[in-house]
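Scroll down for the structure; my scribbles are underneath it.
The values are calculated or read from the model by the stated rules, or taken from the named source; none is laboratory data. Please read these numbers as outputs of a predicted model, since none were measured by experiment. As a convention, Cβ positions derive from the backbone with ideal geometry for all residues, glycine included, and neighbour counts pool all protein chains shown. SASA here: full protein model, heavy atoms, side chains in, ligands and nucleic acids out. Shrake-Rupley method; radii C 1.70, N 1.55, O 1.52, S 1.80 Å.
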Amino acid sequence: MTDPRRLVPRTDAVLASPRLADALRAHGRAAVKAAIVAAQHRIRAGEVPPDRVVDEALAGLRTGPTPVLNATGVLVHTNLGRAPLSAAARDAVVAASGATDVEFDLRTGVRRRRGESTLDALRSAVPDAGDVHVVNNNAAALLLCALVLAAGREIVVSRGELVEIGDGFRIPDLLSSSGARLREVGTTNRTAVRDYADAVGPDTGFVLRVHPSNYRVTGFAGTPEVAELTGLGVPLVVDVGSGLLRPHPALPDEPDATSVLRAGATLVTASADKLLGGPQAGLLLGEAALVERLRRHPAARALRVDKLTLAALEATVRGPRPPVVEALEAEPGVLRERAVRMAEVLAAQGVDVEVVPSVAVVGGGGAPGVELPSTAVGLPERYAAALRLGAPPVVGRVERGRCLLDLRTLAAADDDRVVEAVLACR
């Protein structure tokens, strides 16, 4: 019987592999050699076959999150990093990675407001906002509002909007951590204007409306329109959540910053890494004097974003459609044509494949209940795990014993890569 150790590729032979050329330049010979040795140990232990030594070495060299291809049918997939950045935003991040003018005026040679060009882009995108400010996520935006407007005071909020979102995160816990007290009004399914009006008093910091995020209440339910809450004599803060800056025809019921401000909201908070399609950030838009108070609060320093986020956000707002919007607006007929082409190539190679109707969703707490018609490439269920462990990893979903690769969340430029990944799993 052949000694399994004889099957382990020699270190020098693996180092000479063309597939490791980029890794040698990026990590250096010592790091690559150590990754190869670790892969060889796994081969000797019988954990991986000898022909996977390069793949294992490359996997061992990865730093940071691993890029994946999203074929789940969830446009804003929180577990996959929410919105993928556009090419323009990625280029902006690279350009901003060195020294930049993030707080410097090149014309005058003196300090200027941090990220002023990014703030200008947001002002132009939402001209109904008196001013804008950016923090590190939407939770930070709400926290800053509570610290500035309601520390030691009350926040009036509907019981039906005291939501819990991902990973056990609860809005009431966040707000209470600021030192504010919550004044709950209405019921879980119905809240009226009079409920808010009766609760507002000398101790009220502001009235809060919270986007229900990842659920909908249907049937015997109701809540006032934003415009109905603007005459209560206190600031009205509205969390629109998913980051739409303007109305979108595909999402007629999803709140957007422009419409909410026009309806009379004092402040609007939103996420930048959902339907806006940008990096993780929290947006504050509204009354100029109030935004300035938020910006000047000591906690704003702890909640501010870095130059890379500012660069990506500006490129997203000013640039071409980001991938999330492209996926949202994809034509169902085009998606089916792509699926048919992919299936024909795979079938010609003996793969058990089919083209199946699919339903995609927005995800990330945006547009709950909205279904987007799509098309998927269907494969045997075993492909789901194999594709996740491939290079590049392809993440689909499993339904009724089949692995479905939904094309609405997959860029057309990646179709060939997915076909290659499937063929590598045979």
- [ ] Starting from the Cα of ARG159, step 7 Å toward the Cβ, then list every residue of the range 220-240 with an amide N under 20 Å from that point.
- [x] 220-225
Task: Lys/Arg +1, Asp/Glu -1 at C-beta; the chain dipole; positive extreme among ALA270, GLY152, GLY115 - done: GLY115
- [ ] Would you grab the residues whose amide H sits under 5 Å from the one on ALA96? Only those 5+ places off in sequence or on another chain, please, with H modelled 1.01 Å from N.
- [x] none
TODO: Can you tell me the FRET efficiency between ALA34 and SER177 if r is taken as the Cβ-Cβ distance and R0 is 41 Å, rounded to the nearest 0.05?
DONE: 0.40
Open item on the list: Using only Cα atoms and rounding to the nearest 10 degrees, what angle (0 to 90) does helix 307-318 make with the longest principal axis of the chain?
Closed with: 80 degrees
TODO: Choose one of GLY130, LEU61, THR72: the residue whose Cα lies farthest towards the positive end of the charge dipole of the chain (beta-carbon charges +1 Lys, Arg; -1 Asp, Glu; about the Cα centre).
DONE: LEU61
Task: From the C-alpha gyration tensor of the range 298-385, square roots of 5λ in Å - done: 37, 15, 15
Open item on the list: Under 4 °C and 1.567 mPa s, how fast does the range 61-130 diffuse according to Stokes-Einstein, given a Kirkwood radius computed over C-alpha pairs? Answer in µm²/s, whole number.
Closed with: 83 µm²/s
Task: 3J(HN,Hα) from dihedral phi, the range 58-71, Karplus parametrisation 6.51/-1.76/1.60, rounded to Hz, x for glycine, proline - done: 4, 5, x, 8, 4, 10, x, x, 8, x, 10, 9, 8, 10
- [ ] Using a 1.4 Å probe over the heavy atoms of the protein chains, calculate the carbon and sulfur portion of the accessible area of the chain as a whole percent.
- [x] 52 percent
Task: Label-point separation in nm, VAL110 to ARG44, each point 7 Å along Cα→Cβ - done: 6.8 nm
Task: About the Cα centre, charge dipole magnitude for the range 1-113 (Lys/Arg +1, Asp/Glu -1 at Cβ), debye - done: 180 debye
Open item on the list: If the only charges are +1 at each Lys and Arg Cβ and -1 at each Asp and Glu Cβ, what is the size of the charge dipole of the chain around the Cα centre, to the nearest 20 debye?
Closed with: 1280 debye
Task: For the chain: accessible area per residue (Å², 1.4 Å) - done: 48 Å²
Open item on the list: Over 20 Å intervals from 0, what percent of Cα-Cα pairs in the chain sits in each interval?
Closed with: 23, 46, 27, 5, 0
Open item on the list: I want to check the label-to-label distance for ASP55 and GLU329. Put each point 7 Å from Cα in the C-beta direction and report it in nm to one decimal.
Closed with: 3.8 nm
- [ ] Quick one: Debye curve from the alpha-carbon atoms of the range 171-290 only, equal weights, vacuum; give me log10 I(q)/I(0) at q = 0.19 Å⁻¹ to two decimals.
- [x] -1.20
TODO: Evaluate the relative contact order of the chain (contact order divided by residue number), counting alpha-carbon pairs under 8 angstrom at least 6 apart; express in whole percent.
DONE: 20 percent
- [ ] Take each of the peptides 22-30, 348-356, average the number of other beta-carbon atoms within 10 Å over its residues, and list them starting from the highest.
- [x] 348-356, 22-30
Task: Cβ-Cβ FRET estimate between ALA21 and GLU344, R0 fixed at 35 Å, reported to 0.05 - done: 0.55
Open item on the list: With both bridge residues required to lie in the chain, what share of the DSSP beta bridges run antiparallel, to the nearest 5%?
Closed with: 60 percent
TODO: Using a Förster distance of 51 angstrom, determine the FRET efficiency expected from the C-beta separation of ALA227 and ALA95, and round it to 0.05.
DONE: 0.75
Open item on the list: Residue by residue through the range 331-338, what is 3J(HN,Hα) from phi via Karplus (6.51 cos²θ - 1.76 cosθ + 1.60, θ = phi - 60°)? Round to whole Hz and write x for glycine and proline.
Closed with: 7, x, x, 5, 4, 5, 4, 5
Open item on the list: Let me check against my output: what whole-number percent is the relative contact order of the range 3-121, with C-alpha pairs under 8 Å and at least 6 apart?
Closed with: 17 percent
- [ ] Compute the long axis of helix 138-150 from its Cα atoms, compare it with the longest principal axis of the Cα atoms of the chain, and write down the angle in degrees, 0 to 90, nearest 10.
- [x] 20 degrees
Open item on the list: Assuming 0.36 nm per residue, please report the length gained on full extension of the stretch ARG417 to ARG301 beyond their Cα-Cα distance.
Closed with: 37.5 nm
TODO: Round to a whole angstrom and tell me the spacing of the C-alpha centers of the range 65-102 and the range 38-61.
DONE: 29 Å
